[in-house]
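Asks: Below is the structure I would like to discuss, written out as structure tokens.
Read-outs throughout are calculated quantities, based only on the coordinates presented, and are distinct from any laboratory measurement. Please read all numbers here as calculations on a predicted model, not as lab measurements. Don't worry about glycine lacking a Cβ; one is built from the backbone with ideal geometry, like all the others, and counts go over all protein chains shown.
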Amino acid sequence: MEQYLNDINVFPVADGDTGTNMVMTMTSIVQGVKECKESSFAEISSVIASSALSGARGNSGAILAQFFQGLAEATRGKLRLSTEAFAKAAAKAAEQAREAISHPQEGTIITVMKDWANHLIEHAPQTSDFAELFKKSLLKAKDSLAQTPDKLLILKKAGVVDAGAQGFVNILEGIVNFIEYGKIKSLKIISPSVHKIKDFNLSQDGVKINFQFCTECLIEGNNLSRETISQELSLLGDSIIVAGSENKAHVHIRLNLALK
């Protein structure tokens, strides 16, 4: 699946690393959870968020990090969650993921996050069964994923779905598989349009790339403002994502003067 996500990575830049970036981000999360001695949702969610911020890579990793940060903030102090409380937390997480991006674009991972969260909000009041809710919401996420090419022309031209959105759906599928079977089964490619890509090459004709280098850093401090950081960085480059909390921020930006 990692290589498949790399292969269909065409937006915002066709640099073929979405799969690798998401794997590295999730690997950091898994390691953090393994070392966590707590069992409450709030504590585990906090560890997931912190680990994601520290280990996030690329656009998709930074967006995932902010999603998990939003989830942690919305569930802080809670030992247990109802389906309705989780749905509200997921909606906040999806909203924060969108806000972390300097220029959010529909037809990407944030669209699928939003549609999935909205489905949770709509259906959570009717069930207290997380297994049922997650299975139904996964179908909505898959449907949203299949529609990403209709929202983003570059995806339609390439004949692919958004790579980051595909990765997010795969995460949801892994959760459902674990709930249902107690283990994570082999993930299936969800894209309706591409089953195998050989010698994939997206023409960059007409695509203007103003900044060449994908650059990332971690900022730690007190009372950090993601909005202020993003505004200051806008003078230096583009494709800016600032994920984090008041004490830690993960920055992704494309620059021409990366060493500075």
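Asks: Could you list His123, His252 in order of exposure, starting from the residue whose Cβ has the fewest other Cβ atoms within 10 Å?
Replies: If I rank by nearby Cβ atoms, fewest first, I get His123, His252.
Asks: Can you put Thr228, Thr20 in order of Cβ neighbours within 10 angstrom, beginning with the fewest?
Replies: Lowest to highest Cβ neighbour count: Thr228, Thr20.
Asks: I'd like the Kirkwood hydrodynamic radius of region 1-56, using the inverse of the mean 1/r over distinct C-alpha pairs, in Å. Walk me through the intermediate numbers first.
Replies: Working: mean 1/r = 0.0822 Å⁻¹.
Computed over Cα pairs of region 1-56, the Kirkwood hydrodynamic radius comes out at 12.2 Å.
Asks: Does region 40-141 come out rounded, prolate or oblate by the C-alpha gyration tensor, with a ≥ b ≥ c the root eigenvalues, rounded set by a/c under 1.5 and, if not, prolate when a/b is larger than b/c and oblate if not?
Replies: Oblate is the answer for region 40-141, as a/c is 1.5 or above yet b/c matches or exceeds a/b.
Asks: Apply the membrane-span-like helix rule to the chain: whole DSSP H runs, Cα extent along the own long axis of at least 20 Å, mean Kyte-Doolittle hydropathy at least 0.0. List the helices found. Don't jump to the answer; show the numbers that get you there.
Replies: Details: long enough: 18-35 (26 Å, 0.22); 41-55 (21 Å, 1.15); 58-74 (24 Å, 0.52); 83-99 (24 Å, -0.58); 109-123 (21 Å, 0.19); 130-146 (24 Å, 0.12); 163-181 (26 Å, 0.78).
Counting only whole DSSP H runs, the qualifying helices are 18-35, 41-55, 58-74, 109-123, 130-146, 163-181.
Asks: Moving to a separate point now. Give me Rg over Rh for the chain, both radii from the alpha carbons and Rh done the Kirkwood way, two decimal places.
Replies: 0.95
Asks: Okay, moving on. Per DSSP helix of 4 or more residues, -39500 (n - 2.57); summed, then divided by the residues of the chain. What does that give at 222 nm, rounded to the nearest 500?
Replies: -17500 deg cm²/dmol
Asks: Arranged from highest to lowest average of other beta-carbon atoms within 10 Å per residue, in what order do the peptides 75-84, 47-56 appear?
Replies: On the way: 75-84: 14.6, 47-56: 23.7.
By packing density, highest mean first, the sequence is 47-56, 75-84.
Asks: By per-residue mean of other Cβ atoms within 10 Å, what is the highest-first order of 213-219, 135-141? Intermediate results must be reported in sequence, preceding the final value.
Replies: Details: 213-219: 14.9, 135-141: 18.3.
Top of the packing list down: 135-141, 213-219.
Asks: Stretched out fully, how many nm does the piece from Ser225 to Glu38 gain, at 0.36 nm a residue minus the Cα gap?
Replies: Values: separation 187, 0.36 × 187 = 67.32 nm, distance 2.90 nm.
Here the answer is 64.4 nm.
Asks: Near Lys88, which aspartates and glutamates are there with a Cα under 15 Å away, not counting those fewer than 8 places off in the same chain?
Replies: Glu73, Asp115, Glu122
Asks: Between Ala65, Ala158, Ala91, find the one with the highest GNM mean-square fluctuation for the chain; connect C-alpha pairs within less than 10 Å.
Replies: Largest GNM mean-square fluctuation: Ala158.
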